[in-house]
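Okay, structure first, notes after.
The values are calculated or read from the model by the stated rules, or taken from the named source; none is laboratory data. The model shown is predicted, which means the values in this text are computed figures rather than measured ones. All Cβ positions, even for glycine, are placed from backbone atoms using ideal geometry, and neighbour counts span all protein chains on display. Just so you know, the surface numbers come from the protein's heavy atoms only, side chains and all, with ligands and any DNA or RNA stripped out. Shrake-Rupley method; radii C 1.70, N 1.55, O 1.52, S 1.80 Å.
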Amino acid sequence: MIVRSKTKPLLLHQLEALLNRIPDNHSKRRFIEEDYAKQKAGYKGERSLEYHLSYLPKKDYYIFHDLRLYAGKHYFQIDILILTPFFISVLEVKNISGSLYFNPIFTQMVRTIEDKEEGFPDPVKQVKRQAYQLKSWIEEQRFPVLPIEPLVVIANERSVIKFDPRDKINPQLVIPSSEIPYKINYFKNKYKTEAHSNGQLKKLINKLKTSHTPLLTEILQRYQISPTELKQGVQCQKCSSFPMIRIHGRWICSACKHLSKDAHIQSLKEYSLLINQSISNAQAKEYLGIKSRDSVKRLLQSVSGKKGGANRGTKYTLDFFIDNPSSLH
């Protein structure tokens, strides 16, 4: 059973919004595009695992995608968590092409592609740390601790996985995505003692669901970009031009003459992803390019779930876009 389904990561939404708002000739654009390509590849890799996970009997397994939990001092994130009454498996997914060599001495993964070598942090070490953090988190919640099996899953089916012949550990922990059903079935046969009753398992599932905290990156700070460097105004949904003009309750594109009643919604979504999850009337006037304070007030009241402050200090919340990822598409 899928408890927490795979959705597009907030960071991917943020990078798309940033690429849409940053000028084409901006000095940071190339770095943002590179990061976007990496994040998109990772998302694509995790989505590709859905096919292999579908072979697991729904009644026997509870699957969480992108689970982020707080463990005392730090948050930790798990790509895929598979929960049963007998054991837990933590999956770290890597969608990396080329020849992948796992070096057990230097705890490093070395990728070779087109005769070029590139080092990556050891994903085995990473997933072991996640398993340890999850064990500590479960203990803190006062649930019985289940055996936890960490796995690194290579999602790119064309990748070649290599190990040192003397390495006895990594070959047990690193698998191609097609091996997921067989490896999980191996764990099922390995663990026969039920550590959780149905009641305890349901409580643990609910605790995992309610404890998940999505990560919203300070994206402009990450690339040292000021909000003033972004394109302002409402974007045309048809030709992608900036800005549209508000006339008689509708938006009109000065480039292609396209008309829209709600083009401002996408712009406010991007504001919440890039700048802040709340906005004042004055800030919205400048950002949306509207002169009338009353017009801005009506627009914000129509999309904002709540507001705080009074009079000119009123702030309209936009955090519901973040809390409801499906609204970001």
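Is it true that Lys183 is open to solvent by less than 40 Å² (accessible area, probe 1.4 Å), modelled with pLDDT of 95 or more, among the charged types (D, E, K, R) and within 28 Å of the chain's Cα centre (by Cα)? Full working, then the answer.
Details: open to solvent by less than 40 Å² (accessible area, probe 1.4 Å): yes; modelled with pLDDT of 95 or more: yes; among the charged types (D, E, K, R): yes; within 28 Å of the chain's Cα centre (by Cα): yes.
Yes, satisfied.
Conditions tested, residue by residue: (1) open to solvent by less than 50 Å² (accessible area, probe 1.4 Å); (2) under 24 Å from the mean Cα position of the chain (by Cα); (3) at pLDDT 95 or above.
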position	(1), (2), (3)
Gln237	no, no, no
Ile245	no, no, yes
Tyr287	yes, no, yes
Gln301	no, no, no
Arg312	no, no, no
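Here are Ser267, Ser240, Ser272, Ser211: which of them is of a type in the set (Ser, Thr, Tyr) and within 30 Å of Ile138 (Cα to Cα)?
Working: Ser267 fails: within 30 Å of Ile138 (Cα to Cα); Ser240 fails: within 30 Å of Ile138 (Cα to Cα); Ser272 fails: within 30 Å of Ile138 (Cα to Cα).
It is Ser211.
Among the residues that make up segment 188-201, is at least one of them more than 27 Å from Gln141 (Cβ to Cβ) and either open to solvent by 100 Å² or more (accessible area, probe 1.4 Å) or touching a residue at least 40 places away in the same chain (Cβ under 8 Å) (or both)? Before you say what the answer is, go through the steps one by one.
In the first step, residues of segment 188-201 are kept if they are more than 27 Å from Gln141 (Cβ to Cβ); the result is 189.
Checking the rest, the ones that are also either open to solvent by 100 Å² or more (accessible area, probe 1.4 Å) or touching a residue at least 40 places away in the same chain (Cβ under 8 Å) (or both) come to none.
Checked against the condition, which is being more than 27 Å from Gln141 (Cβ to Cβ) and either open to solvent by 100 Å² or more (accessible area, probe 1.4 Å) or touching a residue at least 40 places away in the same chain (Cβ under 8 Å) (or both), segment 188-201 yields no hits at all.
Being touching a residue at least 60 places away in the same chain (Cβ under 8 Å) and under 24 Å from Asn189 (Cβ atoms) narrows it down to one residue among Glu140, Glu92; which is it?
Numbers: Glu140 fails: under 24 Å from Asn189 (Cβ atoms).
That would be Glu92, the only listed residue that is touching a residue at least 60 places away in the same chain (Cβ under 8 Å) and under 24 Å from Asn189 (Cβ atoms).
State the number of residues belonging to segment 1-36 that are at pLDDT 95 or above and of a type in the set (Gly, Ala, Ser).
So the answer is 2.
Take segment 132-172 and flag every residue that is among the aliphatic types (A, V, I, L, M) and either open to solvent by 20 Å² or more (accessible area, probe 1.4 Å) or touching an Asp or Glu at 6+ places or on another chain (Cβ under 8 Å) (or both).
Keep residues of segment 132-172 that are among the aliphatic types (A, V, I, L, M), which gives 134, 138, 145-146, 148, 151-155, 160-161, 169.
If the condition is that a residue be among the aliphatic types (A, V, I, L, M) and either open to solvent by 20 Å² or more (accessible area, probe 1.4 Å) or touching an Asp or Glu at 6+ places or on another chain (Cβ under 8 Å) (or both), then Val145, Ile148, Leu151, Val152, Val153, Ala155, Val160, Ile161, Ile169 are the ones that fit.
Which pairs do you get when a residue that is open to solvent by less than 30 Å² (accessible area, probe 1.4 Å), found in segment 97-109, comes within reach of a residue that is part of a loop (DSSP other than H, G, I, E, B) and of a type in the set (S, T, N, Q), reach meaning Cβ atoms under 7 angstrom, with the pair 6+ apart or on two chains?
Gly98/Ser159; Leu100/Ser159
Within the bounds of segment 156-171, is there any residue that is within 17 Å of Leu81 (Cα to Cα) and touching a residue at least 24 places away in the same chain (Cβ under 8 Å)?
Applying the first criterion (within 17 Å of Leu81 (Cα to Cα)) to segment 156-171 yields none.
No, segment 156-171 contains no residue that is within 17 Å of Leu81 (Cα to Cα) and touching a residue at least 24 places away in the same chain (Cβ under 8 Å).
Just name the residue that is most open to solvent (accessible area, probe 1.4 Å) out of those in segment 247-282 that are in a helix (DSSP H, G or I), closer than 23 Å to Leu19 by Cα and among the hydrophobic types (A, V, I, L, M, F, W, C).
Going through segment 247-282, the residues in a helix (DSSP H, G or I) turn out to be 264-274, 281-282.
Then keep just the ones that are closer than 23 Å to Leu19 by Cα; that gives 264-274.
Still in the list and also among the hydrophobic types (A, V, I, L, M, F, W, C): 265, 268, 273-274.
Working: Ile265: 54, Leu268: 0, Leu273: 13, Leu274: 14 Å².
By that ranking, first place goes to Ile265.
Do we find a residue being without any contact (Cβ under 8 Å) to a residue 12 or more places away in the chain, under 19 Å from Ala41 (Cα atoms) and either out of contact with any Cys (no Cβ under 8 Å at 6 or more places or on another chain) or surrounded by fewer than 17 Cβ atoms within 10 Å (Cβ to Cβ) (or both) anywhere in segment 119-128? If you could, list the steps in order and put the result at the bottom.
Filtering segment 119-128 for residues without any contact (Cβ under 8 Å) to a residue 12 or more places away in the chain gives 119.
In the following step, the residues that additionally are under 19 Å from Ala41 (Cα atoms) were identified as 119.
From what is left, the residues that are either out of contact with any Cys (no Cβ under 8 Å at 6 or more places or on another chain) or surrounded by fewer than 17 Cβ atoms within 10 Å (Cβ to Cβ) (or both) are 119.
Yes, that holds for at least one residue.
Condition check ((1) within 17 Å of Glu46 (Cα to Cα); (2) not acidic (Asp, Glu)) across all residues:
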position: Gln133; (1), (2): no, yes
position: Ile148; (1), (2): no, yes
position: Glu157; (1), (2): yes, no
position: Asp164; (1), (2): no, no
position: Val174; (1), (2): yes, yes
position: Phe187; (1), (2): no, yes
position: Ser197; (1), (2): no, yes
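Return the residue satisfying two criteria in turn: it lies in segment 26-46 and is touching a residue at least 40 places away in the same chain (Cβ under 8 Å) and aliphatic (A, V, I, L, M), and of such residues it is least open to solvent (accessible area, probe 1.4 Å).
If we take residues in segment 26-46 being touching a residue at least 40 places away in the same chain (Cβ under 8 Å) and aliphatic (A, V, I, L, M), then Ile32 is least open to solvent (accessible area, probe 1.4 Å).
Determine which single condition Thr217 fails, assuming it passes every other condition in (1) free of Cβ contacts under 8 Å to residues at least 40 places away in the same chain; (2) loosely packed, with under 14 Cβ neighbours inside 10 Å; (3) more than 20 Å from Phe143 (Cβ to Cβ).
Against the list (1) free of Cβ contacts under 8 Å to residues at least 40 places away in the same chain; (2) loosely packed, with under 14 Cβ neighbours inside 10 Å; (3) more than 20 Å from Phe143 (Cβ to Cβ), Thr217 comes up short only on (1).
Inside segment 47-69, can you point out the residues that are surrounded by 21 or more Cβ atoms within 10 Å (Cβ to Cβ) and touching a Pro at 6+ places or on another chain (Cβ under 9 Å)?
Listed by number, the list holds a single entry, Asp66.
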